[in-house]
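What follows draws every value from the coordinates through simple rules; no lab data is involved. It should be emphasised that the depicted structure is a prediction, and the values quoted were computed from it without experimental measurement. Neighbour counts run over all protein chains shown; Cβ positions are idealised from the backbone, glycine included.
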Amino acid sequence: MTAITVIGTGNMGQAIAGIAAQAGANVQILARDLEKAGTTAASIKATAGVVGDAISGEIVVLALPYPALAEIASTYGDQLANKVVVDITNPVDFATFDGLVVPADSSAAAELAALVPAAKIVKAFNTNFASTLVAGEFAGEPTVVQLAGDDEAAKKLLADVIVAAGLKVADAGALKRARELEALGYLQMVLAVREQIGWTGGFAVRA
């Protein structure tokens with residue numbers, strides 16, 4: 001049985017933890033606030049702890065804002081070696097909401113890979129709103145999670161969990177495709193902020 005650690009208890013963290021539990025994984029929830037971690041964990045029969053506690057999952061989902069990635073990399077360091085580390089962030093400039101804050105030839109996922117080079121980084125979930133993950137379907141079809149990464153086995157391990165929960169996966173290829181996924185995630189957020197779509201909407205991917 002796959003073991004998954006989700007760091008973060010926001011809407012995305014709760015949604016992804018729910019997917020992991022639905023897939024039959026052993027789930028650990030870590031947050032800065034133990035009470036919040038406990039509340040999320042209780043709803044899916046997971047274990048709870050605080051950031052800084054030992055990681056139990058072979059897959060570690062960083063369900064956190066982009067600025068927190070460096071802190072987590074520093075906190076856990078070698079503990080992330082050889083683990084599948086999932087970056088869900090969209091590195092948006094929230095002060096202006098006018099673009100991404102990473103260089104044009106880079107991505108949040110690439111920066112994370114540089115911080116924890118022994119980890120197997122996978123970009124995923126950043127093009128999904130939490131509501132579509134919770135619902136498990138969008139536009140009449142199973143919700144599709146787009147992902148990218150350089151380690152094929154790492155992507156398959158994560159994909160197997162997603163599929164076991166009844167969702168679908170679209171593999172965009174190497175980790176360098178994270179840049180395009182982050183741009184797509186940002187555009188989707190812009191449309192929602194401008195009220196062109198709802199936060200229950202987004203881009204549908206169909207095979």
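Which semi-axis lengths, in whole Å and largest first, follow from the square roots of five times the eigenvalues of the Cα gyration tensor of the stretch 1-134?
On the way: eigenvalues 107, 59, 36 Å².
One finds semi-axes of 23, 17, 13 Å for the stretch 1-134.
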Please compute the length gained on full extension between ALA81 and MET1, using 0.36 nm multiplied by the number of residues separating them and subtracting their Cα-Cα distance.
26.8 nm
What is the dipole size for the chain, taken about its Cα centre, with +1 at each Lys and Arg Cβ and -1 at each Asp and Glu Cβ, in debye to the nearest 20?
340
Inter-site label distance for ASP93 and ALA192 at 7 Å from Cα along Cβ, in nm:
2.1
Only helical DSSP H runs with n ≥ 4 go in: add -39500 (n - 2.57) per run for the chain, normalise by residue count and round the 222 nm mean residue ellipticity to 500 deg cm²/dmol.
-10500 deg cm²/dmol
Ranked highest first by average number of other Cβ atoms within 10 Å, how do 132-143, 4-15 line up?
4-15, 132-143
Taking 0.36 nm per residue of separation and subtracting the Cα-Cα distance, what length does fully extending GLU180 through TRP199 add?
4.8 nm
Distance in nm between label sites at LEU34 and LYS156, each 7 Å beyond Cα in the beta-carbon direction?
4.0
Within 10 Å of each residue's Cβ, count the other Cβ atoms and sort ARG179, ARG32, ARG206 from fewest upward.
ARG206, ARG32, ARG179
Which order do LYS155, LYS123 fall in if you start with the one that has the fewest other Cβ atoms within 10 Å?
LYS155, LYS123
Estimated FRET transfer efficiency (VAL50, GLU137; beta-carbon r; R0 30 Å; 0.05)
0.35
Fraction of antiparallel bridges per DSSP, the chain only, in percent to nearest 5:
20
For VAL86, residues with placed amide H under 5 Å, excluding near neighbours:
VAL60, VAL61, LEU62, VAL122
